[in-house]
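These notes concern the structure reproduced below.
The values are calculated or read from the model by the stated rules, or taken from the named source; none is laboratory data. Bear in mind that the values here come from a model prediction, so they are computed numbers and not experimental data. We place every Cβ from the backbone using ideal geometry, glycine too, and count neighbours over all the protein chains shown. Side chains are part of the model used for accessible areas, which takes the heavy atoms of the whole protein and leaves out ligands, DNA and RNA. Shrake-Rupley method; radii C 1.70, N 1.55, O 1.52, S 1.80 Å.
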Amino acid sequence: MNIPLRQPLPPDLIVGMTWGPFRYRKYPVFSMPWLKGRFWAFGIAVVLYAALSFTIHAALKTPLANNLATTGYFIAGFLLMLNGGPLLAAWVRRRGMKREPLAVIGAVVLGFIIAVLSDAWASSHIETELGEKPVPEAERKISQVEEATLQLAQLGALFIYFGCGGGLACLGYFSERRRWSARHALQSEMQLTVLQAQIEPHFLFNTLAAIRPLIRQDAAQAEVVLDALADHLRATLPQIREGSHCTLGQQLDICASYLAVMKARMGQRLHHEMQVPEELRAVGFPPLMLLSLVENAIKHGIEPKPGPGSLILRAERHNRELRVAVLDDGAGLRDGLQSGVGLANIREQLLLRHGDRASLTVATRPEGGTVAEITLPMPA
């Protein structure tokens, strides 16, 4: 999941107050802007509390040197408690580790330990500066009520260590990831709908427009095209409507039925073949992308070129990547073709689904024509 860490969160992902000292909550949890904003917000609160404590001890005639030392230890201890765990978690997020959630949990656990040790360190020095000597365990005489109160205080201290060490922020981190995931899924479905809305009417209108003159010129051929179109729609529309859970084999079958329609329309002008190992057909593959590339190859490559043209669908496994390409020997790339809506939607879909691990490249073939290739991370 690729979350921009230096930009504010989208408004629909922000939860809670973001005014005044809480402005840091506009940024992703454990990001550097979040960490800096949190440091100043809580740091100012700690300094103000320390100033109040300094004033009270000054009124109680505590020596100035002891009072200053006590205040310093208090501020240093609290800042260590508050920032140890979040700083480690922010470092984890900045590194972009593969198992980031697990590493964040580990950072927060270390933050809890840092909070306990920081409190113990600061408290021991503060007691020394104030001249307070701990009472030996054997000399302590406390009632059951005092003992119960002490235990509750210790539980409260553990909760404080948990919160200061980044525990509460960690809960917010996982909540934020869930909101990002839900937003990602919604965006993906919206982009898929846009791509679907682009492909279906365009293909249907072009095919129906081609059938109209055929009805007068060659009724038998018009019937062949209509039958191929009906077979294509009957076979593919249910798969297209299913959404994102598709395999490469299903997408190849959709392309094959589409090419059957185009073959009926274009006759001997179109030749196509598929070079796909059988074991790759079961691999997951996003819907509609391959069909869009095939349609582009026909529309911008083979149709504008005089004479016959050929189209090849090829898939191969390269290390941990799946590479699926559409090759044609048509008219080749022309200005503006790489910035079309269809290719832009494919790139957006790849970014939403796989981040920078997936790509779409469109290039001119040395022998003429165009190659469009989608690269995806291969499932384990």
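Quick notes on this one:
- Cut-off 17 Å, label 7 Å out along Cα→Cβ of K98, residues of the stretch 348-380 by amide N: 354-358, 376-380
- Across D231, D356, the residue with the most accessible area heads the list, and the full order at a 1.4 Å probe is D356, D231.
- Residue-count net charge about F42 - beta-carbon cut-off 14 Å; Lys, Arg +1, Asp, Glu -1: +4
- Accessible-area ranking of Y258, Y73, largest first, probe 1.4 Å: Y73, Y258
- Where K26, K36, K305, K61 fall by accessible area, highest first, once all protein chains stay in place (1.4 Å): K61, K36, K26, K305
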